[in-house]
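Engineer: What follows is a structure written as structure tokens; I'll ask about it next.
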Amino acid sequence: MIKFALIGAGRLGKVHAGSINLLENCTLTTVYDPDPAAAEFMRQQYNARIAASASEAVNAPDVDAVIIASPTYCHIEGLRLALQAHKPILCEKPLTRHLTDAQDVRRAIQTAPQPLAVGFVRRHMLKTRMAKEIIDSGKLGRIKFCNIELPFGAYKRLYGDWFTDFEKSGGVITDMLAHHVDLANWFFGAPQRVYAQSMLLDNTQQLPSDYVSSTVTYANGVIVNFMCSWQRFGRSGELMEIYGENGSLSLDGDQAVKLAMLNCAPEVLDATEIAQSSGVNNASTGNGFVNELMNFTAWLDGRKPDFMPDAEAGFASLQVADAMIRSARTHQVIEL
């Protein structure tokens with residue numbers, strides 16, 4: 001039985017607590033949140049003990065591993081505490097708000113290795129792992145370019161919420177786009193060059209909104225075009241299109257991979273097939289968060305999945321996000 005401490009009992013904290021509750025080999029023993037009502041919900045729902053501080057939660061003797069689901073700008077506090085306590089960590093994305101803090105975490109892991117997974121939940125989705133297999137198989141031929149669209153037309157946050165403070169959230173670049181930057185890094189390798197234009201969550205707007213358009217070129221020549229927005233109207237959606245010499249694949253909100261090969265009829269591939277063909281955990285489900293926790297516990301058991309996003313992946317994603325921010329501010333191409 002793996003006993004978890006949870007730092008942060010908000011929206012994602014509730015998601016992780018629910019995943020813990022679904023797995024027979026996991027239990028939530030301790031929770032910390034500065035909001036007493038949020039912590040009390042976890043106590044009533046899961047019989048978790050409420051800690052008086054993050055430090056108390058991390059260092060509790062009946063805690064084997066720590067999940068960090070606090071606001072982005074608070075991640076570094078929980079990370080430092082868990083690293084000092086030598087407890088395995090599952091930290092929500094992005095790894096930290098600022099690249100310098102991520103560098104510190106990366107160095108700490110290199111000098112004193114311990115499991116540290118970053119919550120890029122899309123890597124644990126069956127459709128994403130199927131897409132990775134297709135890309136790696138060479139079926140698409142040499143990959144040429146990729147289009148990523150993440151418009152969100154139902155943004156409700158108002159000033160005073162930490163999500164509307166660029167220094168705390170990093171806007172759509174560091175928050176919402178982090179997942180797909182990680183997927184692009186996983187699919188295509190080392191990013192080399194970044195150019196971006198962005199609103200950078202400009203606080204002179206009457207109501208908060210954000211937008212970024214960025215082109216990232218990878219060392220192997222793949223060109224990736226990113227578009228991401230927080231708006232209060234318009235469409236919401238998720239689309240990732242990957243084009244090779246022989247065909248293309250696309251991922252959207254469905255649990256399937258859409259394949260269009262040269263001179264062939266388009267195919268829709270059922271992603272559940274991957275559970276039988278690859279991966280450490282053949283019990284994978286359609287719920288990415290449950291898969292993420294199962295794969296994390298497999299790592300604690302000495303069976304780290306090769307697709308597990310770790311501190312290096314967290315740093316790499318944040319490095320691209322940081323370059324996008326610098327490019328948008330300076331109007332220059334950033335070489336990595």
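Engineer: Does segment 300-336 hold any residues that are open to solvent by 60 Å² or more (accessible area, probe 1.4 Å) and either in contact with a Lys or Arg (Cβ under 8 Å, 6 or more places away or on another chain) or in a loop (DSSP other than H, G, I, E, B) (or both), and which are they?
Structural biologist: Selection gives Asp301, Gly302, Arg303, Lys304, Asp306, Glu312, His331, Gln332, Val333, Glu335, Leu336.
Engineer: Separate question: Sort out which residues of segment 123-147 are crowded, with 21+ Cβ neighbours inside 10 Å and either in contact with a Lys or Arg (Cβ under 9 Å, 6 or more places away or on another chain) or farther than 27 Å from Thr272 by Cα (or both), and write them in order of number.
Structural biologist: Arg123, Thr128, Arg129
Engineer: Which residues, counting only those in segment 82-96, are surrounded by fewer than 21 Cβ atoms within 10 Å (Cβ to Cβ) and charged (D, E, K, R)?
Structural biologist: If the condition is that a residue be surrounded by fewer than 21 Cβ atoms within 10 Å (Cβ to Cβ) and charged (D, E, K, R), then Lys87 is the only one that fits.
Engineer: So which of Ser213, Ser209 is crowded, with 19+ Cβ neighbours inside 10 Å and polar (S, T, N, Q)?
Structural biologist: Residue meeting the stated conditions: Ser209.
Engineer: Please count how many residues of segment 244-253 are of a type outside the set (A, V, I, L, M) and within 25 Å of Val121 (Cβ to Cβ). Give the derivation first.
Structural biologist: Taking segment 244-253 and keeping what is of a type outside the set (A, V, I, L, M), we get 244-248, 250, 252-253.
Now drop any that are not within 25 Å of Val121 (Cβ to Cβ), which leaves 248, 250, 252-253.
Residues flagged as of a type outside the set (A, V, I, L, M) and within 25 Å of Val121 (Cβ to Cβ) within segment 244-253 amount to 4.
Engineer: Also, I was wondering about something else. For segment 47-73, which residues satisfy the criterion of being within 22 Å of the chain's Cα centre (by Cα) and open to solvent by 10 Å² or more (accessible area, probe 1.4 Å)?
Structural biologist: Hits for segment 47-73 are Ala69, Ser70, Pro71, Tyr73.
Engineer: Between a residue in segment 309-324 that is more than 21 Å from Ser198 (Cα to Cα) and modelled with pLDDT under 95 and any residue that is in a helix (DSSP H, G or I) and charged (D, E, K, R), which pairs come within a Cβ distance under 6 Å, given they are 6 or more apart or on different chains?
Structural biologist: Nothing qualifies.
This table checks each residue for (1) closer than 30 Å to Leu336 by Cα; (2) of a type in the set (Lys, Arg); (3) part of a helix (DSSP H, G or I); (4) modelled with pLDDT of 95 or more.
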{"position": "Val216", "(1), (2), (3), (4)": "yes, no, no, yes"}
{"position": "Val224", "(1), (2), (3), (4)": "yes, no, no, yes"}
{"position": "Phe233", "(1), (2), (3), (4)": "no, no, no, yes"}
{"position": "Met240", "(1), (2), (3), (4)": "yes, no, no, yes"}
{"position": "Leu249", "(1), (2), (3), (4)": "yes, no, no, yes"}
{"position": "Leu269", "(1), (2), (3), (4)": "no, no, no, no"}
{"position": "Asn281", "(1), (2), (3), (4)": "no, no, no, no"}
{"position": "Gly286", "(1), (2), (3), (4)": "no, no, no, no"}
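Engineer: Let me ask something else about it. So the check is Cβ under 7 Å with 6+ separation or different chains; which pairs have a first residue in segment 258-279 that's exposed (fewer than 12 other Cβ atoms within 10 Å of the Cβ) and a second one that's at pLDDT below 95?
Structural biologist: Val268/Ala256; Gln276/Asn282
Engineer: Under 9 Å between Cβ atoms, at least 6 apart or on separate chains: pull out the pairs that start in segment 136-165 with a residue that is under 30 Å from Gln205 (Cα atoms) and end on any residue that is open to solvent by 40 Å² or more (accessible area, probe 1.4 Å) and in a helix (DSSP H, G or I).
Structural biologist: Here the result reads Trp162/Tyr73; Trp162/Lys168; Asp165/Tyr73, each pair linking segment 136-165 to a residue that is open to solvent by 40 Å² or more (accessible area, probe 1.4 Å) and in a helix (DSSP H, G or I).
Engineer: Out of everything in segment 148-176 that is more than 19 Å from Arg232 (Cα to Cα) and not β-branched (Val, Ile, Thr), what residue ends up being most open to solvent (accessible area, probe 1.4 Å)?
Structural biologist: Once the filter is applied, the top-ranked residue is Glu167.
Engineer: For segment 177-191, how many residues are open to solvent by 10 Å² or more (accessible area, probe 1.4 Å) and within 15 Å of Arg326 (Cβ to Cβ)?
Structural biologist: First, the residues of segment 177-191 that are open to solvent by 10 Å² or more (accessible area, probe 1.4 Å): 179, 185-191.
Narrowing the set further to residues that are within 15 Å of Arg326 (Cβ to Cβ) leaves 191.
Qualifying residue count for the region: 1.
The values are calculated or read from the model by the stated rules, or taken from the named source; none is laboratory data. It should be emphasised that the depicted structure is a prediction, and the values quoted were computed from it without experimental measurement. FYI the Cβ positions are ideal-geometry reconstructions off the backbone, even for glycines, and counts take in every protein chain you see. Side chains are part of the model used for accessible areas, which takes the heavy atoms of the whole protein and leaves out ligands, DNA and RNA. Shrake-Rupley method; radii C 1.70, N 1.55, O 1.52, S 1.80 Å.
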